[in-house]
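Note sheet for the following structure.
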Protein chains: 2
Amino acid sequence: MEVPNSKNKTMISVEIGMEVHKVEAPPHISSLKKLKTRLKETFFPDDPLRQFKGQSAKKKWILGAQYALPILKWGPEYSLKSFKSDIVAGLTIASLAIPQGISYAKLANLPPIVGLYSSFVPPLIYAVLGSSRDLAVGPVSIASLVMGSMLRQQVNPVTEQVLFLQLAFTSTFFAGLFQASLGFLRLGFIIDFLSKATLIGFMAGAAIIVSLQQLKGLLGITHFTKKMGLVPVISSVFRETNEWSWQTILMGFCFLVFLLVTRHISIKKPKLFWISAGAPLLSVILSTLFVFAFKAQDHGVSVIGKLEKGLNPLSWNMLQFHGSHLGLVIKTGLITGILSLTEGIAVGRTFAALKNYQVDGNKEMIAIGLMNVVGSTTSCYVTTGAFSRSAVNHNAGAKSAVSNIVMSVTVMVTLLFLMPLFRYTPNVVLGAIIVTAVIGLIDLPAAYQIWKIDKFDFIVMLCAFLGVILISVQEGLAIAVGISVLKVLLQITRPKIVMLGNIPGSDIFRNIHQYKEAAKIPGFLILSIEAPINFANITYLNDRISRWIEDCEAEDKTQKQCALQFVILDLSAVSAIDTSGVSFFKDIRRVLDKKSLELVLVNPIGEVMEKLLRSDDANDLMRPDTLFLTVGEAVTMLMSTMKHHV
Amino acid sequence: MEVPNSKNKTMISVEIGMEVHKVEAPPHISSLKKLKTRLKETFFPDDPLRQFKGQSAKKKWILGAQYALPILKWGPEYSLKSFKSDIVAGLTIASLAIPQGISYAKLANLPPIVGLYSSFVPPLIYAVLGSSRDLAVGPVSIASLVMGSMLRQQVNPVTEQVLFLQLAFTSTFFAGLFQASLGFLRLGFIIDFLSKATLIGFMAGAAIIVSLQQLKGLLGITHFTKKMGLVPVISSVFRETNEWSWQTILMGFCFLVFLLVTRHISIKKPKLFWISAGAPLLSVILSTLFVFAFKAQDHGVSVIGKLEKGLNPLSWNMLQFHGSHLGLVIKTGLITGILSLTEGIAVGRTFAALKNYQVDGNKEMIAIGLMNVVGSTTSCYVTTGAFSRSAVNHNAGAKSAVSNIVMSVTVMVTLLFLMPLFRYTPNVVLGAIIVTAVIGLIDLPAAYQIWKIDKFDFIVMLCAFLGVILISVQEGLAIAVGISVLKVLLQITRPKIVMLGNIPGSDIFRNIHQYKEAAKIPGFLILSIEAPINFANITYLNDRISRWIEDCEAEDKTQKQCALQFVILDLSAVSAIDTSGVSFFKDIRRVLDKKSLELVLVNPIGEVMEKLLRSDDANDLMRPDTLFLTVGEAVTMLMSTMKHHV
């Protein structure tokens, strides 16, 4: 074997007579079977039916029932000890759920009692269908905000209260239908397109929008803008300074400070979670007593007013599937559905990972979806697993979905007997509760982390944030998702190609820009393509490879090395090609032939191999002397056949 | 080193005490510089300015002028010998361009003379600006069809002839503006999204639609549907059987057969290209003489009628940038612009590859764009490099863009002196010329090739085809592009992960499904991820890897092998990650920690390495004993530390 002198030492480890390994085509599989595999990987990556394999018919029935209703799985093994834990956790989240339910309903421009209704029925449904042990179900701030603001674009929630309620329930129905369909059709990966960066920017923006809306309650303003953006709200606040009520402001300020302090304590010492969990209820009780005692409602402090006792009335007759608002209702359902689903699934996955159990995303979607469909017929609006409440639930020691049942029963008792007590609850304290709840959505450390790791993700995050606070909640979200997808498409249009060099003393070849010691082999241009080759990038790949070759030839001339003879393409990382990709190989081969260069392919994976074999020029492209399993073997073998021009 | 007995022979080539290579982080580069590199790779992959490097100021000026006007580059070296070849080629394509120009203008519902105008000015502009030596410029069938059909949706070309002409010129202006902008902003890769499969389906569909439209002329029908679809045209043809004119049909049939036979001869014997190139003009002359001699225009054969002598009138005052049709005009400009650009660039690239010279895509876009902008002010409609005419140009021995000038001069002579001769040219012969021209767009062998290589691409092709003939030209195109992009997105959402095994007698690890001899190493799960890790796929990757691990553990139990201890992720093919990707590694690590499994990373590329290092858990993920340069080294080293449970 002849090795050019200058680089003698780089090829030390490659020995004469070493065995050369053949590249194999994968075993033949019919198109139908391939389609089946592809569909399975796309829609059933978790292989949900694998536990059924090899079981008896009776066992299959039991497993099937348990699969459909997870309560049948954990119910029989449920212990008294777990029950005790769940009671504590359930009561704790109920103390949070009641004030938050009322507050979030107001955020959605709905009567406060709808918030309590929504904390009664959906948790019961989820307890039967859901597979997370930590999810605490109920209304959440973002979905409430989005539903309220979208419906308010067309309907006035004060003057057309019944219509607004009808549209809210119908939107909830569509949200649930959409969620359950995603799960049922196994299209859950759609929510993956809301990236972490998008969500962080979006939630921070939404938190600010929600907090700004609370200025109405916190300042006691009665004539408030209907718009959501930063600019109109701020200008509205300062236009109506004559409506500011000092009693309200003072009260709001006190409770806001109290709530923020308790929140801070619980963050610092997670064991004291019950302090922040109990604070909202305590605030409601204290403020209500205060208003009652001092008749503050006569001094400019607005109160909730009379609430009717009784459980959820049925509302299936309020669902409207026709009329001029149908488009709005479906759109609202889609957006609130996807937002609440994203939150619910993320929460479920987070706690499942903490406790090391599995949550089936698609099954959770069906559970959340059905819970909303049933909710929409029983006077509930959109609910999901809330992050803050689930964290409290987890910290309080919840063992199973029974804590949701306990919470639900507590809310039921409240609905049946305690409603008159809320009559004098001031709206300002609800505002303070909402602000405290949403402030946790602004995650500055995560934003800093994103800045540190990936500048482009930071831009996506910023777009989501600015879009939400300056344009609108939906458009901010759409812009961020659009940019994320564009980035991915751009990555495909401009795939990475790197030049490989030999790591001295080995037969390893690596990127010469990453490994300074990696050395070029004279006479060889070794490129690794790191993306699927398809219609969107063959032009670029062609241009780029031609440029590499020209650069390489120019360099050879100036350095008087032996001239370029072989272009080795390492295809290890080419995970797929299409027909355009096949023609790319033909083109590049023709270009190289014109320059009397030899094209050598290394390690094509099964699919690439197969498609190249099926094309007409396969014999030419797949000649045994130009197809190798590793770059090292290719270089060793080709060196021995090399002509020497220096 | 302890090696489990059962697999002793598989690790034969890995020797004790072998050197272990370190994974290196790439040299530090500032974010700004990285952004610059990224932007350069995205927008200037061909590095157009590299020839300017290290040149004197004067040389730079000359190179700059040559860059802007390619004629300055080849002009001075132009020889008499090339000129002789170009005259022959120019006259040949002129004989094709004149009848085709008239025919395509009729296809676009424009007066026939506009087709000749469009074969006069644009070729002159292209000769100065264009860098292809083979492109023959003029009107083309698909852009003519699309422009005619889109404008006809809102304006009647017969009753509102002037308005229709104004809109056609304005559309041409926008088409040119859009094409030049794409080139100038270096966004040329947008046309890459029209994949080969899409184009083949689209062109076949368009050819059928165009041919169906010719039934009007070929059958002599006067009342014809304005719709383009298969169904309305066929039903219109058979509803109006009373209008069929046997004289027209007979004449059309004869000339169609004649043209198809000549086309067939030229395909079989490429040297006889002049037979098919001259046939259209001969048909026009023969049919005109026939009509003139027998006064066939009085027997139901419709003729073109009187055409005015003279060169292109200026038309800049006919451009309309306001009014109710602006939206339509912009849309028409965009679609015809992108279609004609795709054809022009593809033709330029094809012949450049054949003759082994470079065509700069972005520069070509500017040339084609400016040619259309200028064309729109001189009574021309959309033009580009036509495939059929360029092929004739190439076969006739064209050496440079001078053949376009020769063609243009010939058309000029025609416009000045020969227009009265077309008075008696029958429309039926124009129909026959169009059908013969577009029939070449139906590429059945290519369709079969696509079916053979990639079934999914075949579906895309079919969608484009059926969309065009059943719905509409634009929507068919949009559907096919949408599906292509969706496929690419789906590939990202469901990236490939393969399990690697050791090729016996080497330290090479390859996909165990492709290489039957590749053997699993007990205690190790070796996975290779073959896609960028980002927000769209981390959920899937998490699920999928968990399933691999469970499967592996289950298998270990049944086969009583030593239990799984190490999960090795080969990251060679992970070309990029984002913040979600970083958190994916944290998550997978936590999951593995819970199961007491060790996560080992192999060969992360520079960008991945860097982003992981910047995250907080880097020290944990990047521990030297769990980070290796090759799978072989990782396995060898880890085996020596392995605990044995069998």
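The values are calculated or read from the model by the stated rules, or taken from the named source; none is laboratory data. If you're wondering where the values come from, they're calculated on a predicted model, not measured in any experiment. Backbone-built Cβ (ideal geometry, glycine too); neighbour counts: all protein chains shown.
Below is a table of values for the structure above.
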| quantity | calculated |
| --- | --- |
| Single match in A:PHE52, A:PHE44 (criterion: surrounded by fewer than 14 Cβ atoms within 10 Å (Cβ to Cβ), within 12 Å of chain B (Cβ to nearest Cβ) and among the aromatic types (Phe, Trp, Tyr)) | A:PHE44 |
| Residues satisfying the stated conditions in the range B:572-589, i.e. farther than 18 Å from A:PRO495 by Cα and β-branched (Val, Ile, Thr) | B:THR579, B:VAL582, B:ILE588 |
| Top-ranked residue in the range B:587-634 [being in contact with a Lys or Arg (Cβ under 9 Å, 6 or more places away or on another chain) and among the polar types (S, T, N, Q); ranked as surrounded by the fewest Cβ atoms within 10 Å (Cβ to Cβ)] | B:SER615 |
| When residues of the range B:158-186 are limited to those that are of a type in the set (S, T, N, Q) and in contact (Cβ under 8 Å) with a residue 12 or more places away in the chain, the one nearest to B:GLY369 (Cα to Cα) | B:GLN179 |
| Counted residues, the range A:347-366 - those being surrounded by 18 or more Cβ atoms within 10 Å (Cβ to Cβ), part of a helix (DSSP H, G or I) and of a type in the set (A, V, I, L, M, F, W, C) | 5 |
| Filter result (over 22 Å from A:VAL392 (Cβ atoms) and surrounded by fewer than 12 Cβ atoms within 10 Å (Cβ to Cβ)) within the range A:69-102 | A:PRO76, A:GLU77, A:SER79, A:LEU80 |
| Subset of the range A:498-514 (residues that are surrounded by 19 or more Cβ atoms within 10 Å (Cβ to Cβ), touching a Phe, Trp or Tyr at 6+ places or on another chain (Cβ under 8 Å) and more than 9 Å from every other protein chain (Cβ to nearest Cβ)) | A:LEU500, A:GLY501, A:ASN502 |
| Selection count where residues are in contact with a Gly (Cβ under 9 Å, 6 or more places away or on another chain) and aromatic (Phe, Trp, Tyr), scope the range A:526-548 | 1 |
| Only listed residue being in a loop (DSSP other than H, G, I, E, B) and assigned by TED's automatic domain parsing to the domain that holds B:HIS21, chosen from B:VAL600, B:VAL574, B:VAL591 | B:VAL574 |
| Failed condition for A:LYS196, given (1) more than 14 Å from chain B (Cβ to nearest Cβ); (2) under 23 Å from the mean Cα position of the chain (by Cα); (3) not aromatic (Phe, Trp, Tyr) | (1) |
| Residue within the range B:54-66 that is assigned to a loop (DSSP other than H, G, I, E, B) and touching a helix residue (DSSP H, G or I) at 6+ places or on another chain (Cβ under 9 Å) present | yes |
| Failed condition for A:THR241, given (1) at pLDDT 85 or above; (2) out of contact with any helix residue (DSSP H, G or I) (no Cβ under 7 Å at 6 or more places or on another chain); (3) among the hydroxyl-bearing types (Ser, Thr, Tyr); (4) under 18 Å from A:VAL428 (Cβ atoms) | (1) |
| Near pairs, Cβ below 8 angstrom, 6+ apart or cross-chain, from the range A:527-546 (within 7 Å of another protein chain (Cβ to nearest Cβ) and surrounded by fewer than 22 Cβ atoms within 10 Å (Cβ to Cβ)) to any residue that is in a strand (DSSP E or B) and of a type outside the set (Asp, Glu) | A:ARG544/A:ILE497 |
| Flag for A:MET637 being assigned to a loop (DSSP other than H, G, I, E, B), in contact with a strand residue (DSSP E or B) (Cβ under 9 Å, 6 or more places away or on another chain) and more than 10 Å from every other protein chain (Cβ to nearest Cβ) | no |
| Check on B:LEU370, surrounded by 20 or more Cβ atoms within 10 Å (Cβ to Cβ), away from chain A (no Cβ under 14 Å) and either in contact (Cβ under 8 Å) with a residue 24 or more places away in the chain or within 19 Å of B:PRO111 (Cβ to Cβ) (or both) | yes |
| The one condition in (1) more than 11 Å from every other protein chain (Cβ to nearest Cβ); (2) in a loop (DSSP other than H, G, I, E, B) that A:GLU517 fails to fulfil | (1) |
| Any hit, the range A:614-625, residues being at the interface with another protein chain (Cβ under 8 Å from one of its Cβ atoms), under 19 Å from A:SER31 (Cα atoms) and touching an Asp or Glu at 6+ places or on another chain (Cβ under 6 Å) | no |
| Hits in the range B:426-469 - residues which are polar (S, T, N, Q) and surrounded by fewer than 22 Cβ atoms within 10 Å (Cβ to Cβ) | B:GLN449 |
| Meets criteria (β-branched (Val, Ile, Thr), out of contact with any strand residue (DSSP E or B) (no Cβ under 6 Å at 6 or more places or on another chain) and farther than 30 Å from B:GLN154 by Cβ) for B:ILE249 | yes |
| Test for A:ASP134: is it crowded, with 24+ Cβ neighbours inside 10 Å and not in a loop (DSSP other than H, G, I, E, B) | no |
| Breaking point among (1) over 27 Å from B:PRO420 (Cβ atoms); (2) in contact with a strand residue (DSSP E or B) (Cβ under 6 Å, 6 or more places away or on another chain), for B:GLN320 | (2) |
| Only one of A:SER266, A:SER245, A:SER236 that is in the same structural domain as A:GLY440 (by TED's automatic domain parsing) and either free of Cβ contacts under 8 Å to residues at least 12 places away in the same chain or surrounded by fewer than 16 Cβ atoms within 10 Å (Cβ to Cβ) (or both) | A:SER266 |
| Search result, residues across the range A:397-420 that are part of a loop (DSSP other than H, G, I, E, B) and surrounded by 21 or more Cβ atoms within 10 Å (Cβ to Cβ) | A:ALA398, A:SER400, A:ALA401 |
| Subset tally (residues that are within 35 Å of the chain's Cα centre (by Cα) and part of a loop (DSSP other than H, G, I, E, B)) for the range B:505-514 | 2 |
| Residue within the range A:325-344 that is modelled with pLDDT under 90, within 27 Å of A:SER149 (Cα to Cα) and out of contact with any helix residue (DSSP H, G or I) (no Cβ under 9 Å at 6 or more places or on another chain) present | no |
| Test for B:ILE304: is it surrounded by fewer than 24 Cβ atoms within 10 Å (Cβ to Cβ) and touching a Pro at 6+ places or on another chain (Cβ under 6 Å) | yes |
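Residues are listed down the side, and each one gets a yes or a no for (1) over 30 Å from B:ASP192 (Cα atoms); (2) part of a helix (DSSP H, G or I); (3) without any contact (Cβ under 8 Å) to a residue 24 or more places away in the chain; (4) more than 20 Å from the chain's Cα centre (by Cα):
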{"residue": "A:VAL438", "(1), (2), (3), (4)": "yes, yes, no, no"}
{"residue": "A:ILE442", "(1), (2), (3), (4)": "yes, no, no, no"}
{"residue": "A:ALA464", "(1), (2), (3), (4)": "no, yes, no, no"}
{"residue": "A:ILE469", "(1), (2), (3), (4)": "yes, yes, no, yes"}
